[in-house]
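Undergrad: One structure is given below, represented as structure tokens, and several questions about it will come after.
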Amino acid sequence: MFGDLSTRLSDTFRNLRTRGKLTEADIDGTLRDIRKALLEADVSLDVVKDFVASVRVRALGDEVSKALNPAEQVVQIVNSELVEILGGESRQLRLAKNPPTVIMLAGLQGSGKTTLAGKLALWLKSQQQTPLLVACDLQRPNAVNQLTVLAERAGVDVFAPEPGNGVGDPVKVAKQSIDHAKSKAHSVVIIDTAGRLGVDEEMMQQAIDIRNQTDPDEVLFVIDAMLGQDAVDVAKAFNDGVGVTGTVLTKLDGDARGGAALSVSSVIGENVLFSSTGENLEDFEPFYPERMASRILDMGDVLTLIEQAQKTFDEKQQQELAEKIAKESFTLEDFLDQMQQLKKMGSMKSLLGMMPGAGNMKKQMEDFDEDELKHTEAIIQSMTPVERQQPRVLNGSRRQRIARGSGTTVTEVNSLVNRFEQAAKMMKTMSKGGTPQMQGMNMAQLGGGNPSAKKSKGKKKKVSKSGNPARRAAEERALLEGKPNKTDGGGSAFGL
Amino acid sequence: MVDFKFWRKGAKQDELAEVELPKRDLSGIRSLFPGEMSSDSIQDLEDILLMADFGFQASEDIVSQLKSRANKLGATSDAELRLVLKDLLVEYLQREDAQLNLTSGKLPYVFLVVGVNGAGKTTTIGKLGRWLSDGGWKVVLGAADTFRAAAVDQLATWAKRAETDLVSPEKPGQDPASVAYQTVSRAIETDADIAIIDTAGRLQNKKDLMDELGKIRRAVEKIAQVDEVLLVIDSTTGQNGLSQARAFSEVADVTGMVLTKLDGTAKGGVLYAIQREFDIPVKLVGVGEGINDFAFFSAEQFARGLVAR
């Protein structure tokens, strides 16, 4: 029905790029598409208008008409304007000179404040801080309880003197928590507050009182990435009320296009500091405007991917793998090993989402079934060491035994062996510097998924989106070593 | 006004009685146009609708419809245009099936409540429970959100406020399908009228979590029918609401929507697009944190509120 913003803009730019010279009408046509795409991504109307206007001015100027590739130039402009709105450079959390640093969280009901408080605490703990969680949401049933449980999971202290559920004065608790933190030598105080609507004057006053009593170094405005046009009004209300110093974007692991991030940043002019991306306490990271803009513009989030890969794959293992591939001694055992390492990096879908061109692969990503990886694992685990080392010994009866052992069918075993052989062949070609034949290899298949899934529309060569763990690992290694694999001159990230 | 004709157990066992439940009206919808409407300003309506989260397509459609209809009827004044617009919205939003499915007479009724994280599922259940209790119904709530920290306690608090029975997991992290099953079994054993099952919030692109909803449903269907699957959507949600509606209706067979937090500045325009595109009626709206702060959706009242001066 509608693709995400990345897909839409790719299509738009593809049309643009078929022409060498851009007329004013061309640019206006493109801007209309961008406007629509941004609106569908929930960027607020006022922001969209301003954005389109400033892109237009620049697009009609000399920098485009004199550019060698005008279309490419428009893309650059859109990208840089997006980064601009998103806050330019990433900003660090402001820590107080004299501890404790006080961080107050504020936002609408259900934006994810309490969960975020837990994540922030765990993250700060990993930064050698000693955070204290303070339960000032005395409104929502069992918010205090939830925060206490999260504190326990994160292994940090919690200050929760009041039971909540409408009992207790949050302003008093906030005030007491600072003394408590000082006496226990906590370096950071994180104050979780009740969700409130921007129009609720009484509740906003309460938030202001909490702020006045605690003099926070940061007032973080927590917003749901799914927020629509209301984002602007809400941001204004909170900014005018409590005075926001930074924003945190939550639920970014959903399929929301996150237009609210653009709206909020442009309205309150303060940076987005963190993004929260999942149900576990570890699913939390600093926010990088360039990466977000790239993601929106379908340039992929390769940096995050590399960081995750660095966390997961150690260098020695990579070296060994490279040698094996070169020596053609890559076995099913290595294949399994790679797959298990890859799983440590996160779900296949979230990894694929970061790959450039992911917008075009939406359909395939939906078809990708994480369970299939488990089947593949089960099949390999049902093999004897000899079979794993030398798949050619796999005759009919062995295959039948493996199918029974892994709870799969002979067909599935056959298809895995075939896929492995193809992959091994491909890697060999690649390690010799050749161009692999992508025949019939698409993502869904590599994972063992629906073999009838359509082939990828946008075949990009710049960065592969191979789902093959081993091959991907090889590519990631190339990226880590700073060798862009197969740079295609122009460096188009838009699939042309 | 909603006309209530719901069936539950009568005074005598095994007999069904027609019961009336307290009425709840939708009010306090914020107007779209504080300013004057005129033939010249119709085009501005598109921006206004966009800002109310109606979405690109719906905004365009509504404006072109309004133009042609105003032309045909010769409506030009502010009052006339507002009336034409109201009728237009009502026409598209009015549905026969906006009532809760409480009429089959097969007891216990079973409701599943689903939605993304933070939409307001648990609160909605608390309000529904109170309302049904007030009407003399025997209600069992099931805490099948075994994932989020303290979610069970949150529902327990609501169960207390609503004076309903509650089935909670025996241990944290228990399979939600088994909690759902136990909830319905309890409802059957205790001769309750209705079981309402709370589920964990899940983002619609998480396949494994979405599959879990199917499992919960199948578990319930071993012993009872599922009368209603309510998808709870936060009215501040933008166009992502469409994606939520699509994904949840695919796996969980959604029968109705609940639009929450309509007491803020959000207009909830996305419900218009969802109802038209996915053919799912909006049944309830949430308008505050109090236990009685909800209303039955009425297209007439909603549209009237939007076009009021």
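Undergrad: Any idea which of B:Gly201, B:Gly256, B:Pro172 is furthest toward the positive side of the dipole for the stretch B:165-261, if Lys and Arg beta-carbons carry +1 and Asp and Glu beta-carbons -1?
TA: Farthest along the dipole direction, towards plus: B:Gly201.
Undergrad: Continuing with the same structure: How many nm is it between the label spots at A:Ala25 and A:Lys374, if each spot is 7 Å from the Cα in line with the beta carbon?
TA: 5.7 nm
Undergrad: Measure nothing but the geometry: give the 0 to 90° angle between the long axis through the Cα atoms of B:42-51 and the longest principal axis through the Cα atoms of chain B, rounded to 10°.
TA: Relative to chain B, helix B:42-51 is tipped by roughly 30 degrees.
Undergrad: Once you put a point 7 Å from the Cα of A:Asp215 and another 7 Å from the Cα of B:Lys171, both along the Cβ direction, what distance in nm separates them?
TA: Reported label-point gap for A:Asp215 and B:Lys171 is 5.0 nm.
Undergrad: Next up: Would you kindly derive the ³J(HN,Hα) couplings of the stretch A:395-404 from the backbone phi angles with the Karplus curve 6.51 cos²θ - 1.76 cosθ + 1.60 (θ = phi - 60°), listing them in order in whole Hz, with x for Gly and Pro?
TA: Rounded to whole hertz, the list is 8, x, 6, 4, 5, 4, 4, 4, 4, 5.
Undergrad: Here is a follow-up. Does the stretch B:201-309 classify as rounded, prolate or oblate by the C-alpha gyration tensor (a ≥ b ≥ c root eigenvalues; a/c under 1.5 gives rounded; else a/b over b/c gives prolate, otherwise oblate)?
TA: Since a/c reaches 1.5 and a/b is larger than b/c, the shape of the stretch B:201-309 is classed as prolate.
Undergrad: Could you work out how much longer the chain between A:Lys66 and A:Ser54 gets when fully extended? Use 0.36 nm per residue separation minus the Cα distance between them, nm to one decimal.
TA: In short, 2.5 nm is gained.
Undergrad: Separate question: Where does helix B:176-189 land angle-wise versus the long Cα axis of chain B, in degrees 0 to 90, nearest 10?
TA: Roughly 70 degrees, rounded to the nearest 10.
Undergrad: Using Cα-Cα distances under 8 Å and only pairs 6 or more residues apart, what relative contact order does chain B have, in percent?
TA: For chain B, the relative contact order is 26 percent.
Undergrad: When the expected Rg is taken as 2.2 N^0.38 Å, what fraction or multiple of it is the alpha-carbon Rg of the stretch A:101-288?
TA: With N residues counted in the stretch A:101-288, Rg over 2.2 N^0.38 Å equals 0.93.
Undergrad: Give me a comma-separated list of calculated 3J(HN,Hα) values for the stretch A:53-62, in order, Karplus coefficients 6.51, -1.76, 1.60 applied at θ = phi - 60°, integers in Hz, x for any Gly or Pro.
TA: Each residue of the stretch A:53-62 in turn: 4, 6, 5, 4, 4, 5, 5, 8, x, 4 Hz.
Undergrad: Related question: Which of rounded, prolate, oblate describes the stretch A:71-132, given a ≥ b ≥ c as roots of the alpha-carbon gyration tensor eigenvalues and a/c under 1.5 marking rounded, otherwise prolate only if a/b is larger than b/c?
TA: Prolate, since a/c reaches 1.5 and a/b exceeds b/c.
Undergrad: With charges only on Cβ, +1 for K and R and -1 for D and E, what is the dipole size of the stretch B:51-145 about its Cα centre, in debye, rounded to 20?
TA: The dipole magnitude comes to about 300 debye.
Undergrad: Okay, next question. Between A:Gln205 and B:Ile42, with labels modelled 7 Å along Cα→Cβ, what's the label distance in nm to one decimal, could you check?
TA: About 4.6 nm, to one decimal.
Undergrad: Give or take rounding to whole Å, what are the principal axis extents of the alpha carbon atoms in chain B, in descending order?
TA: Principal extents (Cα only, largest first): 64, 44, 29 Å.
Undergrad: Any of B:Lys106/B:Lys171; B:Lys121/B:Lys267; B:Lys121/B:Lys215; A:Lys97/A:Lys251; B:Lys127/B:Lys267; B:Lys86/B:Lys121 with alpha carbons more than 23 Å apart? Name them for me.
TA: B:Lys106/B:Lys171; A:Lys97/A:Lys251; B:Lys86/B:Lys121
Undergrad: Next up: Which angle between 0 and 90 degrees, to the nearest 10, do you get for helix B:56-73 versus the longest principal axis of chain B when only C-alpha atoms count?
TA: So the helix axis and the longest Cα principal axis differ by about 50 degrees.
Quick note: the coordinates plus some simple rules give every number you see, no bench work behind them. Remember, it's a predicted structure, so these values are computed and weren't measured experimentally. All Cβ positions, glycine included, derive from the backbone under ideal geometry; neighbour counts span all protein chains shown.
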